[in-house]
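Working notes, structure below.
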Amino acid sequence: MSAVVTGVDSNLPCLGVAFIAGEVGAAAEVLKACSSAGVELGDSIYLRGICTVAVVELPWYRSFIDFVEPRVKAYLSRYLGDFKRFKGLDLEWRKVNFAVPEAGLLRSRLRLCRLPATVAEDLECLVLSWNREYQRRYNWSFKVAVGKVCRAVSLLSRKNVVLVKLENLRGIKRRNIAYLKRWSWTRLVKLVLGCTPERVGVALVDPSYTSSRCPICRGWLKRKTYRVLVCVDCGKEWHRDVAAAVNIALAEPRRMLRTPRSP
Ligand SMILES: [Zn+2]
């Protein structure tokens, strides 16, 4: 029986996955499990075993701003005529406060200063309900993508000892970056623990440098485009989430959430 280590890196629109199989037989099973789980594999390289990588796109992804901006604009344009008539009247005007992480960005994109209080209130309620709808769609999409990886891992664990490694990102939300607040690391950990059998091990690794070092030569990775990174030493191009997934698979486990067992 042989061992397979899986590294999973999760970004907003996609997941990077790397499988490192100790021997050829296990590598062949990685191919089989991934093809029946719908995970499309990319390159294979030799890195402490046969390392095969994949990018799993979320079936639906849009940024919250792109999702909500046209709706807010449509709402405002319907009332634009009324605004002009309101101007002469003695109305209460105030600043809109959207209770979403991207509030500041949304306000500046829409160039919103002050609105009549009733309009502001309605708009705030609408944005909140669109936010719930967005979160529901995103969560569904994330679950589908993680589910594919979990399915491959579960199939693989029928004949191999499998250890899934994830970054330990506890506390990342404390950083005040809007898009990070959208992303839920605990959801990923819970899904992986819940959607794979007990025999699949789950470990957390240190997240530093996972997307800045080349997995092959440890050289620094330079950004070519948002998704593509280039190693300054060996020149290899990496999809950023694939490089991260390989580094996660290679990293030492810092905390074992569930010990792997043989099938
Ligand atoms: Zn390199």
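The values are calculated or read from the model by the stated rules, or taken from the named source; none is laboratory data. This structure is a prediction, so every number in the text was calculated from the model and none was measured. With ideal geometry, Cβ positions are generated from the backbone for all residues, glycine too; neighbour counts draw on all protein chains shown. To get the accessible areas, we keep the full protein, side chains included, count just its heavy atoms, and leave off ligands, DNA and RNA. Shrake-Rupley method; radii C 1.70, N 1.55, O 1.52, S 1.80 Å.
For segment 64-136, the fraction of 1.4 Å probe accessible surface lying on carbon and sulfur atoms is 53 percent. In the full protein context, the chain carries 52 Å² of accessible surface per residue, based on a 1.4 Å probe and ignoring ligands, DNA and RNA.
Taking Cα atoms only, the orientation of helix 64-87 departs from the longest principal axis of the chain by about 0 degrees. Once you reduce segment 1-42 and segment 58-129 to the center of their Cα atoms, the two points are 44 Å from each other.
Averaging the sequence gap over all C-alpha pairs within less than 8 Å and six or more residues apart, then dividing by the number of residues, gives the chain a relative contact order of 25 percent. For segment 163-263, GluC sites (Glu not before Pro) are listed when DSSP marks them as loop and at most 12 other Cβ atoms sit within 10 Å of their Cβ; the list is E198.
Could you work out the longest stretch of the chain that avoids the chymotrypsin sites (Phe, Trp or Tyr not before Pro) located in DSSP loops with at most 15 other Cβ atoms within 10 Å? Between the exposed loop sites, the longest stretch runs 61-208.
With K and R counted +1 and D and E -1, the other residues having a Cβ less than 12 Å from that of I65 yield a net charge of +3.
Heavy-atom surface analysis with a 1.4 Å probe gives segment 1-60 a carbon and sulfur content of 56 percent of its accessible area. About its Cα centre, the dipole of the chain is roughly 520 debye, where the only charges are +1 on Lys and Arg Cβ and -1 on Asp and Glu Cβ. Taking the DSSP beta bridges with both ends in the chain, the antiparallel portion is around 75 percent. The angle between the Cα long axis of helix 185-194 and the main principal axis of the chain comes to about 50°, on a 0 to 90 degree scale. Annotation for segment 100-132: trypsin sites (Lys or Arg not before Pro) lying in DSSP loop with at most 10 further Cβ atoms inside 10 Å of their Cβ are R111. Angle, helix 240-250 long axis vs. longest principal axis of the chain, Cα atoms, 0 to 90°, nearest 10? It works out to around 40 degrees.
Of the cross-linked pairs K73/K95; K148/K181; K32/K190; K32/K143, those separated by over 19 Å at the C-alpha level are K148/K181; K32/K190; K32/K143.
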